[in-house]
1. Give me the residue from region 397-430 that is part of a helix (DSSP H, G or I) and among the small types (Gly, Ala, Ser) and, out of that set, least open to solvent (accessible area, probe 1.4 Å).
2. Go through region 214-304 and tell me which strands (runs of 3 or more DSSP E), entirely inside it, have 2 or more residues that are more than 13 Å from the ligand (Cβ to nearest atom) and either open to solvent by 10 Å² or more (accessible area, probe 1.4 Å) or hydrophobic (A, V, I, L, M, F, W, C) (or both).
3. Can you confirm whether residue 71 is under 28 Å from residue 245 (Cβ atoms), open to solvent by 20 Å² or more (accessible area, probe 1.4 Å) and either part of a strand (DSSP E or B) or free of Cβ contacts under 8 Å to residues at least 60 places away in the same chain (or both)?
4. List the number of the failed condition for residue 185; all other conditions in (1) more than 25 Å from residue 118 (Cβ to Cβ); (2) part of a strand (DSSP E or B) hold.
5. Please identify the pairs in which a residue from region 143-154 that is within 15 Å of residue 121 (Cβ to Cβ) and assigned by TED's automatic domain parsing to the domain that holds residue 131 has its Cβ atom under 9 Å from the Cβ atom of a residue that is open to solvent by 80 Å² or more (accessible area, probe 1.4 Å) and assigned to a loop (DSSP other than H, G, I, E, B), counting only partners at least 6 apart or on another chain.
6. Applying the selection to region 88-118, what residues are assigned to a helix (DSSP H, G or I) and open to solvent by less than 10 Å² (accessible area, probe 1.4 Å)?
7. Of the residues in region 437-476, how many are open to solvent by less than 40 Å² (accessible area, probe 1.4 Å), charged (D, E, K, R) and assigned to a loop (DSSP other than H, G, I, E, B)?
8. Taking region 1-35 as the search range and keeping residues that are in contact with an Asp or Glu (Cβ under 6 Å, 6 or more places away or on another chain), open to solvent by 10 Å² or more (accessible area, probe 1.4 Å) and within 22 Å of residue 488 (Cβ to Cβ), which one is farthest from the ligand (Cβ to nearest atom)?
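The values are calculated or read from the model by the stated rules, or taken from the named source; none is laboratory data. Note that this is a predicted model, so its numbers are computed, not measured. With ideal geometry, Cβ positions are generated from the backbone for all residues, glycine too; neighbour counts draw on all protein chains shown. Only protein heavy atoms, including side chains, enter the accessible area calculation; ligands, DNA and RNA are left aside. Shrake-Rupley method; radii C 1.70, N 1.55, O 1.52, S 1.80 Å.
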Amino acid sequence: MPTYVTTPIYYVNAMPHLGHAYTTIVTDTYSRFRRLCGDEVRFQTGTDEHGEKIVEAAVKEGVSPRAYVDRISAAFQATWPQLSVAQDYTIRTTDPDHVQTVQDILQQVYDNGDIYFSEYSGHYCQGCERFLTEKELVDGKCPDHQVAPKEISEQNYFFRMSKYQDWLIDHIKANPEYITPERYRNEVLSFLSEPLEDLCISRPTSRLTWGIPLPFDENFVTYVWFDALINYLTGIGYPDGSDFEKYWSVAEHVIAKDILKPHAIYWPTMIKAMGLSPYRRLHVHGYWNVDETKMSKSIGNVVRPKELVDTYGVDAVRYFVLREMSFGLDSSFSSDAIVARQNSDLANDLGNLFSRSLTMVVKYAAGKVPAADPTSEGPAEAELKNALATMVSGYEEHMNRFEFHRALQAVWEVIGLLNRYIVTNAPWELAKDPAQEGRLQTVLYSLSEALRIITLVLGPVMPEAAAKMVTALGLDGRMENVTLAEAGAWGGIQVGTQVAAPQQLFPRLDKKALAAGSTQQAAPVKKKARKEEKKKEISQDGLVSFEQFGKFDLRVAEILAAEKIAKSDRLLKLTVLLPEERTIVAGIAEHYSPEELVGKLVIAVANLKPAKLMGVPSQGMVLAAKTTGEDGREQLILSTVAGSIAPGSKVA
Ligand code: MSP
């Protein structure tokens, strides 16, 4: 199957930032995923280089538009490899073949009678580079740019967009996947419930010359959106290139909500007027804010991809944006949030799983994946195999629907299960008993095999880390050109494969050191904005935000053992499963005897900074309710969990 997927072509009036990076990472991940499904993939990105905004920016810098667009488009192109983005084609709207294609299409649509000349007066928003309808204005202003539009009256060429309105409504209604997530489909349908106006597709050269000349009237250049959207065709060689034949009917566009209208209304009607079949799907995501505030130059909180990668590493950045944003909704970026994900999901859950498992294969099986012993396989292995099969199908389904955070959740559920599998099966205990040799081999085989499948599905998300994982698993050269269908099934790792304990895959990040060492992550928020942020930490009414609460990693902990700490009346040393084994010192000795605690499922804060209490290291805290007993003394009652639930389960 072919797949054709595109990012928007970015305006070169600003340098690349987190928003551009996100759309491009998403598109790259999807294209890698479709390749893993065996597709022939074409992934295109590029830059939008015509129009008034660009001229304005060039004038500001005192250079020609040409010199200006060359410089900024080069900056975009340099960004993609830093983000491990591997596009197949990068288009610029100043490319001669694109100029030619736009002119050919204009001529064709004009000849067919769908472009006409007329006088128009309306509210023109410079920021949007288009006329806004009366209904779109809020208090007389453009809601996006917060400025009153100019009243402009001029003669221009118009595209008969209204002619295709009914067709478009029918098409969207008949194809529920055409625009997703659903909220954007509904937004478009609601917009289409009012009569559509025709689209002004020219600008007089008296006002703008930096554009593609209309082939049928030299006094006009093409409106930037009519020019820009056509990039999706030029890039695959429309009208007679073989790639056009192969890829057009499967085209999928990825955009943010800001450019929904041009993509969901202008573009399909333009395509229809050209006599082509519609693109297959439009995927619309929300906006990245920074520390809950809109990203903007004036606030000074614009997040640059290069600085992100330099600070956190490319894998953490890619994982973070894909895991953190529910595709379609807005999200907030903060350095706290990315550090928390790196430390908990990557360093703790995935990194530890990898290094523990492979270290054990090295230690107990001379580094060679041992054969599982069928006679010693039990329900734990059945559960693992089942969980991996469910993960692979869930992952595939979610990735296809652009639900990246769900796909990753599914993978991390299995990572949690594997960490618990290690603790429950304790290979270090099995290794002590020669009679358990078969069981030990089964456990080590199962871990290696599960890691192989996890590595496979993480490839599209974190290509660099996955490559290191492949090497550690001794699978160099064996994971390229494999498909999810074959390689995602249990049993693919060859017995005897030589593994090596990996060097640290994901370093734990220390926030303080980062803030001290980094010139940018802490720096860009200017003083005033930072003050606002501080205020937000705990608002005056004592309320915490969802985000702040989310920083606590609350988990179910099973108490394995409890003992008194010498010289302390208050403290007990608890050994808990979280799901890995940890020690937690709790001030509950006056309220519970050690014996009654064993086997209890309690709630623990798993990401508390380690501390020493009476010389005993404590890695967490258990939660308890405080009350006053009948004797008037304070009483603590542990918050326990009813029912059977695996230790390590998240409390949300
Ligand atoms: N040139 C047009 C697109 C033409 S496509 C035929 C344009 N360019 S843009 O540089 O403004 O890029 C807009 C796109 O950048 C958004 O749709 C989104 O993909 C990305 N983002 C820019 N800011 C963003 C956020 N703050 N958050 C998420 N993505 C955003 O519009």
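1. Only one residue tops the list, namely 407.
2. Fully inside region 214-304 and qualifying: 217-222.
3. No, not satisfied.
4. The failed condition is (2).
5. Close Cβ pairs (under 9 Å, with a partner that is open to solvent by 80 Å² or more (accessible area, probe 1.4 Å) and assigned to a loop (DSSP other than H, G, I, E, B)) amount to 152/207; 154/206; 154/207.
6. The answer is 98, 102, 105, 106, 109.
7. 0
8. Here the answer is 1.
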